[in-house]
Each structure stands twice: as structure tokens, then as C-alpha cells.
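The structure under discussion appears below in the form of C-alpha cells.
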Amino acid sequence: MAPVTSDSRSGHCARCYRWLGEANDGAAAPSVSLSSETSVEAQRAEKLGDLLACSSQLSGGLLRSNFLLHLRRCVHELFKGNATAFAHFVNCPAGDVQNWLNEATIPYIDRFLQVCIRLEVPPLAFLSDPSQEETVDWGSVASRIDHDRPVRRYRRKDETLRALELAVRERPSPSLREIARRLGYSGTEGLRRVASEICKQITKHYENSFTPEPYHKGPRPRICAATRVETALRKSLAQRTPEPVAQIAVRLGYASPSPLQGQFPDLCRTIQAKLASRKKTRLEAMRRIVIRALDESPPPSLRELAHRLGYRDKKIIRRYFPELNAALVARREAHEQSQFRHLTSRLQGMLREQPPPLVGDVARRLRLSSSTLWRKFPDLSRSIAARSPRHPKKS
């Protein structure tokens, strides 16, 4: 319950300022059936029931430590230790997740239930004793939710500095952009921020390496042995989500995947087929999530739905599912128009109230800010302000 403020009145709610003896401005409270609840609300109610059912099995003094251990194991097993990717998947702020991992805060009940719904696990999975045998198997959870987007691990500054110091002595001298690709950077700016002088030395060595080479008879030596190439390809194929052939080629020192495809065409085609299959499975799972979102009331925004899918940019929905994107936008617009008509009807009813309400009270009752009320309903806001006791009409 919100704290009672100085402007609250006896018998009225301190949050919305309504009279507690009536429901919805004096109207009879409508009956809500289970069939009218949204899918998200039904899942939240189900998880809350599970939490209440298992409350007798939990030890109150160890709940915080149990939750922390399970959360860290979940982030490590499902998202390779990337807390930001976990936050995007469960649709929670990344700062909140980091505070949970640092033991600075614990999640509120609504956030906790949201995490359980997104991961499709019972609340007991985070609160039970980790030493028990019936604890959740996060490996099976990973296969069930099918979250296989590439996760980028951020390198520490000392690791990057050590890699740059080794690259200075490397012969033939690599380019700074090639080193950035090896370390997982999208550009060279991050390397320059770590050690600008070493980066200058690497660039100078690379430029000096372009000298006329003597005439070479016979085939040039291979960059990498065939056995090492085959081992890297087979290791990638054994993974749940294989590493692309182009990335393997760069990691082994090749400029393009053509040499690998020429030596081992069957392995390369098998890796590409497995990647295509994984992508198809991931897109089918994403499509199911988008279709379920169309049945929600109110429908989620495109940005919120993109966060559920694990992406930052809302354009990802239009890129892969243009027809569902158009349907979701149409439903969202229809919902906003319906809300606008509903609020307009309530405002017109408030114009007939006695005594006349204040504009600030009207805004709080509608759960809007005063600026939003004036921006969306300028004419009705002026009419309410004219009837307000603080703004009497001029005679």
C-alpha cells in the first residue's frame, strides 16, 4: 500500500484519491470471469498460486541466499554469464538484474513472477535448497525455451592489454582490425582506448610488412594445418549452435572461408545446414510468441515485444514477420482509440459532478499527469478548469 500523503482524505484511497465505499465512480463493480483474463495475467496468477502452495516447504532465513545461487546458475547456464542478455530475455531492467546478482536488492513479487513466466519454471526453482536432488536442471530449461541468440562476453581491460602485447610480437604482423575481430570487438576504437601506444606500434608493424617478397618456387606453405582445420570444423559441428565457417576461418588466420570450403566441403555444408535449421527453429518460436501477443489485452507495444524476443530494436518484428507486425500495429491503434473514447466519456461525466472537481483530481482519477490530460483533451480540460472552484468564471 502506498504511504498516506499529506493531501489524502479519510475514507479515500491514498493512491487514486477515490472514495473507498464505491467502485469505479459509484458504478457497480463489473464481474470478472477467468475467461476474460489475459494470458499473461492467467500465468501470473498460476505462478502466484504455485508460490503460495510451496510456502510451507521454504525456509525463510535462506530464501535470499537460495535465490542468489539459483539466479547465478541460471545466468551462467542459459546465457553464458551475460546478465544483460538475461535481463533482455526476461524483460527486466538490466540494472535491476545486476543489483540482484550483487546482493544489493531482491526482486519484488511481480518481477519475480515475471522471471518465472519467461523462463517457464515454477517459483520453487529459485527458492528451494540448492543441495536438494530435485533442484531444476537449467540445461533442460535452455533446450525448452530455445534461447540460442549469440551472447557476447565483455573482456576485461587486462585481458585485452595482454592480447595486444602478444600481437606486437606476432609475425607476420596482423592488422589492428583483424585483432579486433579476434577479440570480439566491432571496431578498433575499443582497443585504442585500452592501449593507444601499443595500437600505434601494431599499425606501424603491419604497414612495414608490405615489402616486395622474393620469388617463391612451388606451393606456398599453408597458414594452418589441415588436421587443425578439420578439428575446428568438427568441434563447431558438435556444438548445439555451431560457429559459422566464416568466423572459424578468421579465427584460424584466413581472410575468407574459401580455403576451408575447398578442403572440407561436406563439413562446411553440414555446419551451414545446421545453422539454417537452428535459425528456422528460432524464427518459429519467435512467431509463436508474436501470435500469442496478438491475443493479449491490451496488446504490447512493438518495443516491448522485441524485448521479449531478446532484441533491442523493434524493427526485428517487421523484418521477419511483416504481416504480424501490421496486425499488431492495427490492434494497438484500435486499443488506443478505444481508450481515448473511454476517457472522453469519463471526462464528460465528470463535467456534471457536483461539487465540480479540480483538474488535478481529475487527472489522478484517470491515472494521467496533468500535462497529458491537457495535451490529449484540451477542450474538456478547459471546461473542467472553468467549473473549478479555484478558477471561477469572470463575470
Original post:
Once a ≥ b ≥ c are taken as the square roots of the eigenvalues of the Cα gyration tensor of segment 39-145, is the result rounded (a/c under 1.5), prolate (a/b larger than b/c) or oblate (a/b not larger than b/c)?
Top reply: rounded
Subject >> Relative contact order (percent, whole number), segment 226-269, Cα cutoff 8 Å, 6+ residue spacing >> reply: 37 percent
Original post:
Among Lys80/Lys157; Lys47/Lys279; Lys235/Lys280; Lys200/Lys314; Lys47/Lys235, which pairs are too far apart, with a Cα-Cα distance over 29 Å?
Top reply: Lys47/Lys279; Lys200/Lys314; Lys47/Lys235
**OP:** Would you mind calculating the relative contact order of segment 48-124 from Cα pairs under 8 angstrom and at least 6 residues apart, reporting the percent as a whole number?
**Re:** 31 percent
**OP:** Grab the eigenvalues of the alpha-carbon gyration tensor for segment 157-208, scale each by 5, take roots, and send me the semi-axes largest first in whole angstrom.
**Re:** 15, 11, 10
Original post:
What order, most packed first, do the peptides 268-275, 83-90 have when packing is the mean number of other Cβ atoms within 10 Å of each residue?
Top reply: 83-90, 268-275
Original post:
If R0 is 56 Å, what FRET efficiency do you get for Gln263 and Leu69 from their C-beta distance, rounded to 0.05?
Top reply: 0.75
Original post:
Between Gly310, Leu347, Pro298, whose Cα lies farthest towards the positive end of the dipole of segment 284-368 when Lys and Arg beta carbons carry +1 and Asp and Glu beta carbons carry -1, centred on the Cα centre?
Top reply: Gly310
Original post:
Under unit Cβ charges (Lys, Arg +1; Asp, Glu -1), what dipole magnitude, rounded to 20 debye, does segment 226-269 have relative to its Cα centre?
Top reply: 120 debye
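Where a number appears in this text, it was derived from the coordinates with a stated rule and is not lab data. Being a predicted model, the structure only gives us computed values, none of them experimental. We place every Cβ from the backbone using ideal geometry, glycine too, and count neighbours over all the protein chains shown.
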